[in-house]
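Q: First, the structure itself, so that you have it in front of you.
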Amino acid sequence: MTEKPPDEPPPGMIGLPPSARGLTGRPQDIADHASAVAQEWEDVGESYVQKRMRDLGIPKNQIGQPDYDGDGRWRAFDPREKKGGANTTGVVVDSGALNPELFKGKKGGRIYPKMRLRDRIDAIIAHEYEELRHEGSHAAALKAAPKTKLPISDEARRLCRAMAR
């Protein structure tokens, strides 16, 4: 004997939905969220940033550097750092490129969230490259990045100009 089907289908969810319980599926801190996404997509980020640096003409020996604070692995994209980029011996882009609030309250903070990721990455590469060229001087890199010889996008140049103001 077969059972009679219920008059109503079973509910799709029992209890309150996650959003009603305060669960968003992502960390509260946008920088932590950007880092989590970057770590999940680390291989894609690494490939893209390396290719973009080659396309912009970054010398091969300055594309990335060892992860000094981590496993020592050579990388051009660091998903765990949240500053935008770094340079010690080479140029590195980090998860800050994914964080729309990276420059919140700072110069460039109004335009950064509206920019394409490619333009953000170009601006970070240009700044870090110029900082390397100017012996680690952040102030000199801020002045030099908008005029960099690298063929960065116009929007990236616009961000570099805003940061230099």
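The values are calculated or read from the model by the stated rules, or taken from the named source; none is laboratory data. Just so we're clear, the structure is a prediction, and the values are computed from it rather than from any experiment. As a convention, Cβ positions derive from the backbone with ideal geometry for all residues, glycine included, and neighbour counts pool all protein chains shown.
Q: I'd like the full set of residues that are within 20 Å of residue 106 (Cβ to Cβ) and not in a loop (DSSP other than H, G, I, E, B), limited to segment 130-141.
A: Matches in segment 130-141: 130, 131, 138, 139, 140, 141.
Q: What's the number of the condition residue 102 fails, among (1) crowded, with 19+ Cβ neighbours inside 10 Å; (2) free of Cβ contacts under 8 Å to residues at least 12 places away in the same chain?
A: Unmet for residue 102, out of (1) crowded, with 19+ Cβ neighbours inside 10 Å; (2) free of Cβ contacts under 8 Å to residues at least 12 places away in the same chain: (2).
Q: In segment 118-164, which residues are touching a His at 6+ places or on another chain (Cβ under 7 Å) and small (Gly, Ala, Ser)?
A: Of everything in segment 118-164, those that are touching a His at 6+ places or on another chain (Cβ under 7 Å) and small (Gly, Ala, Ser) turn out to be 140, 141, 144, 145.
Q: Still on this structure, please answer the following. From the list 152, 124, which residue is in contact with a Leu (Cβ under 8 Å, 6 or more places away or on another chain) and either assigned to a helix (DSSP H, G or I) or surrounded by 19 or more Cβ atoms within 10 Å (Cβ to Cβ) (or both)?
A: Selected residue: 152, the only one of 152, 124 that is in contact with a Leu (Cβ under 8 Å, 6 or more places away or on another chain) and either assigned to a helix (DSSP H, G or I) or surrounded by 19 or more Cβ atoms within 10 Å (Cβ to Cβ) (or both).
Q: What residue, among those in segment 83-99 that are part of a loop (DSSP other than H, G, I, E, B) and not β-branched (Val, Ile, Thr), is surrounded by the most Cβ atoms within 10 Å (Cβ to Cβ)?
A: The residue in question is 99.
Q: Which residue is modelled with the lowest pLDDT, if the candidates are limited to segment 1-48 and must be exposed (fewer than 10 other Cβ atoms within 10 Å of the Cβ) and of a type in the set (A, V, I, L, M)?
A: Looking at residues that are exposed (fewer than 10 other Cβ atoms within 10 Å of the Cβ) and of a type in the set (A, V, I, L, M), I get 1.
Q: A follow-up question, please. Against the definition (buried (at least 21 other Cβ atoms within 10 Å of the Cβ), part of a helix (DSSP H, G or I) and of a type in the set (Gly, Ala, Ser)), how does residue 144 come out, yes or no?
A: Against the criterion (buried (at least 21 other Cβ atoms within 10 Å of the Cβ), part of a helix (DSSP H, G or I) and of a type in the set (Gly, Ala, Ser)), residue 144 does not qualify.
Q: Here are 73, 54, 116: which of them is exposed (fewer than 14 other Cβ atoms within 10 Å of the Cβ), touching a residue at least 12 places away in the same chain (Cβ under 8 Å) and either within 26 Å of residue 39 (Cβ to Cβ) or of a type in the set (Gly, Ala, Ser) (or both)?
A: Selected residue: 116, the only one of 73, 54, 116 that is exposed (fewer than 14 other Cβ atoms within 10 Å of the Cβ), touching a residue at least 12 places away in the same chain (Cβ under 8 Å) and either within 26 Å of residue 39 (Cβ to Cβ) or of a type in the set (Gly, Ala, Ser) (or both).
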